[in-house]
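K.L.:
One structure follows; several queries about it will come next.
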Amino acid sequence: MIPVKNVSRSSGHRRITAPLRFVGYQFARGKHLLKIMPAAFQTGGGVFSTLMKALNLFWRDGLSGVKRGIRFVQAGNDARHSTGFDRNDYAEWVRRYDTIDSDKRKKLVAVSEGLLQRPRVSIVMPTYNPDPAWLAQAIESVRQQIYSNWELCIADDASTDPEVRRVLERYAHTDARIKVAFREINGHISAASNSALAMATGTWIALLDHDDLLPEHALVLIAQAIVSNADAGLIYTDEDKIDEYGNRTSPYFKCDLNLELLRAQNMISHLGVYRRDLVENVGGFRMGFEGSQDYDLALRVVDLIAPSQVVHIPHVLYHWRIHAASTSMDAGAKTYAQDAGLKALSEHLQRRSVSGSVELTPFMQYRIRYATPLTQPLVSLVIPTRNGLHLIRQCVSSILEKTTYRNFEILIIDNGSDDPRALQYFSEIAADPRITVIRDDSPFNYSALNNRAVTLAQGEFVALLNNDIEVITPGWLEEMLSLAALPGHGAVGARLWYPDNTLQHGGVVLGLGGVAGHAHSRLPRGHFGYFGRGALIQGVSCVTAACLLIHKSIYWEVGGLNESDLRVAFNDVDFCLKVRAAGYQNIWTPFAEFYHHESATRGGDDTPEKKQRFAAEVAYMQSSWGDTLLLDPAYNPNLTLEHGDFSLAWPPRVQLCQESQIPQEALPS
């Protein structure tokens, strides 16, 4: 019911009380914003990232964009209140699944003592005028490690605070495993890191900042990974942030090695552990890359080894200290670091003979604009359709009018249209030499329709497009083609938006909903997603065939779409998994954008026949791919398979020491 105004109050009274009411209203709004702020920072990937998203929304859409973002966070809050549980309550998640109690500690000690080898890990720590208390805490976090075969190599870069020297000398005298070098001249972080590296005697090098913390089980899991992966050259872990009160926030649960994502951000970062001979082979840390010296090192080492030699441990083994001057709080706190990162990335491309230019994104990560092939190959755009005149006209017109890459042909497969207006339209556009309309009256089978069209395609590359997409980015074809043409790349997918400017497709995550689902589904436009992953080029397991581009030879190498078992659903997931199994990396780019008016012509799976067909296709995928659907290397087992928002898994699908499951009745529904 709508409340009725109290008309007995005079307008004069309302004018007099207006300032008080305004102040009260603003106070209430302020309280509301403070209430949802922690959730906003969690969703946004940290304080700085969230503020950059808000600014980006304001720059593009004004206050209405910011309000839309607030509503997105509020919707999550409402869902949490309705269930009585916050599925992103990291503090509770840590309490349940990432706290080392006495029982787990005993098991980890047994793991440490049972290792067939005990490799020495040299921890390299450059330092310059840290808070002495935080420095001591960092050192103590190493001394408290369950695994004992380590050495801590600290190089003080001519700190001016005498207390720093006293702390370092005290620890050097207390523990023989702690080595300290006092540099006479300040040379910045690369020089100091090399001074620390020069003292290392271990076969492995771990990097630790002078104010960060290692959990007590960090090195035992590192040692276990070294022993279990004899050919490993680089090991990295998940990480989170910690404040001065010990509160842990903003966990970054990473994917396995993902070269395109590494080219967009330093996904290795903390805790990075390198085989010492590789570090020496590349010359250690380089001058001129200060602020991104770790990123530069990671890129140079990755260039030396095979992807299989990079090992990811899906546990939080590093706590990154939050304070005003750290990049963990503000990526812009050290702007020189971004410049050094651009330089490191440019040189990485040069080493690999890859043509492209690098630039910063609005949220201070990286984008590579790869060069398109010099030959400007023909691309065949395959579009199945049936009737739907408005949609197909919108699709084709947007391609013809907006696409800046000109060497393409359009193959429209008319699957039994009977609308005279649509037929007339097909007759008209067939006069364009770039367009071929193919009549196919066979029963609807999305896979078969595309396969038959690809046999007629003249292009070196083929793009599968739905009839209900609409071009946003004029350079979409250059972007997708430049990625698909790179050696080792398979299918390339685009960023697709619903008409209300929420995300429809940000790549596909295996296991979501039982088979696969869209990453970052319904993310508002202007949001960057989980640690930027909604707005960065990256490797993915699968992309949707609503907009997919691939070299035609690869399309046939894997047998095309499965037209016998997957006529409608999951044919693109199956296809991408076959491409991946053949040794190619599928790619998603946010820089080729479309609107997607999804399922506007075929409808949903809402009839008994369609439901039966869909169930059969689900069963086929699960029987054909099995556990592959639960082991997406572009995702993380600590993240949920119930939602596409990168929220936490309860419980995670990987656990410390095989801890027992929490009873189902204690878990969130």
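The values are calculated or read from the model by the stated rules, or taken from the named source; none is laboratory data. On a predicted model such as this, the values are computed, not experimentally measured, just so you know. Here the Cβ is made from the backbone with ideal geometry for all residues, glycine too, and neighbour counts use every protein chain on show.
K.L.:
Counting just the residues of the stretch 502-518 that are of a type outside the set (Val, Ile, Thr) and touching a helix residue (DSSP H, G or I) at 6+ places or on another chain (Cβ under 8 Å), which one comes out nearest to Ala535 (Cα to Cα)?
P.N.:
Once the filter is applied, the top-ranked residue is His518.
K.L.:
Do any residues in the stretch 202-228 that are farther than 24 Å from Pro130 by Cα have Cβ atoms under 8 Å from those of residues that are small (Gly, Ala, Ser) and assigned to a loop (DSSP other than H, G, I, E, B), where the two are at least six apart or on different chains, and which pairs are they?
P.N.:
Ala225/Ala232; Ile226/Ala232
K.L.:
Additional query: Before we move on, is Asn415 in contact with a Cys (Cβ under 6 Å, 6 or more places away or on another chain) and either within 26 Å of Ile554 (Cβ to Cβ) or surrounded by 18 or more Cβ atoms within 10 Å (Cβ to Cβ) (or both)?
P.N.:
In short, no.
K.L.:
Still on this model: For the stretch 503-544, please list each of the strands (runs of 3 or more DSSP E) lying entirely inside it that holds at least 3 residues being within 17 Å of Leu630 (Cα to Cα).
P.N.:
Here the list reads 508-510, 516-518.
K.L.:
Which residues, counting only those in the stretch 459-485, are in a loop (DSSP other than H, G, I, E, B), within 29 Å of Gly356 (Cα to Cα) and in contact with a Ser or Thr (Cβ under 6 Å, 6 or more places away or on another chain)?
P.N.:
Gly459, Pro474, Gly475
Quick grid of which residues meet (1) farther than 19 Å from Val515 by Cα; (2) without any contact (Cβ under 8 Å) to a residue 40 or more places away in the chain:
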position: Ala546; (1), (2): no, no
position: Lys552; (1), (2): yes, no
position: Val558; (1), (2): yes, yes
position: Glu593; (1), (2): yes, no
position: Glu598; (1), (2): yes, no
position: Trp625; (1), (2): no, no
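K.L.:
Shifting gears a bit: Please give the number of the condition Glu563 fails out of (1) out of contact with any Ser or Thr (no Cβ under 8 Å at 6 or more places or on another chain); (2) over 26 Å from Ser308 (Cα atoms); (3) in a loop (DSSP other than H, G, I, E, B); (4) not β-branched (Val, Ile, Thr).
P.N.:
Looking at each condition in turn, Glu563 falls short on (1).
K.L.:
Name the residue, out of Leu423, Leu400, Leu389, that is closer than 23 Å to Glu598 by Cα and either touching a helix residue (DSSP H, G or I) at 6+ places or on another chain (Cβ under 7 Å) or basic (Lys, Arg) (or both).
P.N.:
Unique residue meeting the criteria: Leu389.
K.L.:
Do we have Pro251 as outside any strand (DSSP E or B) and either buried (at least 18 other Cβ atoms within 10 Å of the Cβ) or touching a Ser or Thr at 6+ places or on another chain (Cβ under 8 Å) (or both) here?
P.N.:
No; evaluated as a whole, the condition is false for this residue.
K.L.:
I'm told Arg580 meets every condition in (1) among the charged types (D, E, K, R); (2) buried (at least 20 other Cβ atoms within 10 Å of the Cβ); (3) at pLDDT below 95 except one. Can you identify the failing condition by its number?
P.N.:
The one condition Arg580 does not meet is (3).
K.L.:
Tell me which residues, restricted to the stretch 420-440, are farther than 17 Å from Arg406 by Cα and either of a type in the set (Asp, Glu) or in a loop (DSSP other than H, G, I, E, B) (or both).
P.N.:
Matches in the stretch 420-440: Glu428, Ala430, Ala431, Asp440.
K.L.:
So, one more: Which residue, of Ala192, Ala176, Ala196, is without any contact (Cβ under 8 Å) to a residue 60 or more places away in the chain and hydrophobic (A, V, I, L, M, F, W, C)?
P.N.:
Ala176
K.L.:
Continuing with this model, one more query. Leu667 - would you say it is modelled with pLDDT under 95, out of contact with any Lys or Arg (no Cβ under 9 Å at 6 or more places or on another chain) and either among the aliphatic types (A, V, I, L, M) or in the same structural domain as Thr237 (by TED's automatic domain parsing) (or both)?
P.N.:
When the stated conditions are applied, Leu667 passes them.
K.L.:
Do we have any residue at all in the stretch 265-272 that's modelled with pLDDT of 95 or more, more than 19 Å from Arg367 (Cα to Cα), surrounded by 23 or more Cβ atoms within 10 Å (Cβ to Cβ) and over 23 Å from the mean Cα position of the chain (by Cα)?
P.N.:
The answer is no, given that none of the residues of the stretch 265-272 is modelled with pLDDT of 95 or more, more than 19 Å from Arg367 (Cα to Cα), surrounded by 23 or more Cβ atoms within 10 Å (Cβ to Cβ) and over 23 Å from the mean Cα position of the chain (by Cα).
K.L.:
Okay, moving on. Out of Leu503, Leu496, Leu486, Leu523, which single residue is surrounded by fewer than 22 Cβ atoms within 10 Å (Cβ to Cβ) and at pLDDT 95 or above?
P.N.:
Leu486
K.L.:
Taking the stretch 324-374 as the search range and keeping residues that are modelled with pLDDT of 95 or more and aromatic (Phe, Trp, Tyr), which one is surrounded by the most Cβ atoms within 10 Å (Cβ to Cβ)?
P.N.:
Filtering the stretch 324-374 for residues that are modelled with pLDDT of 95 or more and aromatic (Phe, Trp, Tyr), the one surrounded by the most Cβ atoms within 10 Å (Cβ to Cβ) comes out as Tyr366.
K.L.:
A further question follows. State whether one or more residues within the stretch 137-149 are in contact (Cβ under 8 Å) with a residue 24 or more places away in the chain and over 16 Å from Leu214 (Cα atoms).
P.N.:
no
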